[in-house]
1. Would you call Arg30 touching a helix residue (DSSP H, G or I) at 6+ places or on another chain (Cβ under 9 Å) and of a type in the set (Lys, Arg)?
2. Got a sec? Which strands (runs of 3 or more DSSP E) wholly within the stretch 46-131 have at least 1 residues that are at pLDDT 90 or above and under 30 Å from Phe9 (Cα atoms)?
3. Between residues in the stretch 1-24 that are closer than 16 Å to Asp61 by Cβ and residues that are of a type in the set (Gly, Ala, Ser) and crowded, with 16+ Cβ neighbours inside 10 Å, which pairs lie under 7 Å by C-beta distance while being six or more apart or on different chains?
4. Conditions: (1) surrounded by 10 or more Cβ atoms within 10 Å (Cβ to Cβ); (2) without any contact (Cβ under 8 Å) to a residue 40 or more places away in the chain. Ser71 meets all but one. Number of the miss?
5. Considering only the stretch 10-27, state which residues are touching an Asp or Glu at 6+ places or on another chain (Cβ under 7 Å) and either on the phi > 0 side of the Ramachandran plot or part of a loop (DSSP other than H, G, I, E, B) (or both).
6. Among the numbered conditions (1) under 30 Å from Met1 (Cβ atoms); (2) under 22 Å from the mean Cα position of the chain (by Cα); (3) open to solvent by 90 Å² or more (accessible area, probe 1.4 Å), tell me where Glu56 comes up short.
7. Against the definition (among the acidic types (Asp, Glu), exposed (fewer than 12 other Cβ atoms within 10 Å of the Cβ) and over 30 Å from Lys7 (Cα atoms)), how does Glu94 come out, yes or no?
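The values are calculated or read from the model by the stated rules, or taken from the named source; none is laboratory data. Every value quoted in this text rests on a predicted model; they were computed, and no experiment measured them. As a convention, Cβ positions derive from the backbone with ideal geometry for all residues, glycine included, and neighbour counts pool all protein chains shown. Side chains included, ligands, DNA and RNA excluded: accessible areas come from the protein's heavy atoms. Shrake-Rupley method; radii C 1.70, N 1.55, O 1.52, S 1.80 Å.
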Amino acid sequence: MQWILVKTFSFPYEAQIAKTQLEAFGIPARIENEHTINMDWFYSNALGGVRLLVLEKDVDDAKAFLEKDFSEDLEQEFGKNKEQCPNCGSYDIEAYTQGKKSAFVAFMFFGLPLFSFKNGNRCKQCQYFWS
């Protein structure tokens, strides 16, 4: 059997992810130019990128698998962010550390973090903080 080029990547880590996905799907894969580009990434364009190869019999399956979008499957499996702001009900929240700026300023002027800080969530809409 002959190894056929399926896809090229600019960075080795991208090729490693694709190779791992194909192997998990049962398609043997191989990477070329990975170590050369790891040593000097300027060679990536000159060598045609990091090359992902599969056996000739698996080319169509590999291309179809690499082009598939799994975002809907992930959304069904893990769901969307179900946590919402207790103040306004918005789902647009972020992880936030309250009091971090005060502690930093105190540390810069006095050499000690005199203020405590709390980790929690903050609503991006109404700026409400909760732990």
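1. On the way: touching a helix residue (DSSP H, G or I) at 6+ places or on another chain (Cβ under 9 Å): yes; of a type in the set (Lys, Arg): yes.
When the stated conditions are applied, Arg30 passes them.
2. On the way: elements: 50-55, 93-98, 118-123.
Ranges flagged: 50-55.
3. Val6/Ala62; Lys7/Ala18; Lys19/Ala29; Leu22/Ala29; Leu22/Ala62; Glu23/Ala29
4. (1)
5. Taking the stretch 10-27 and keeping what is touching an Asp or Glu at 6+ places or on another chain (Cβ under 7 Å), we get 12, 15, 27.
Correct list: Ile27 only.
6. Single failed check for Glu56: (2).
7. Judged against the criteria, Glu94 is a match.
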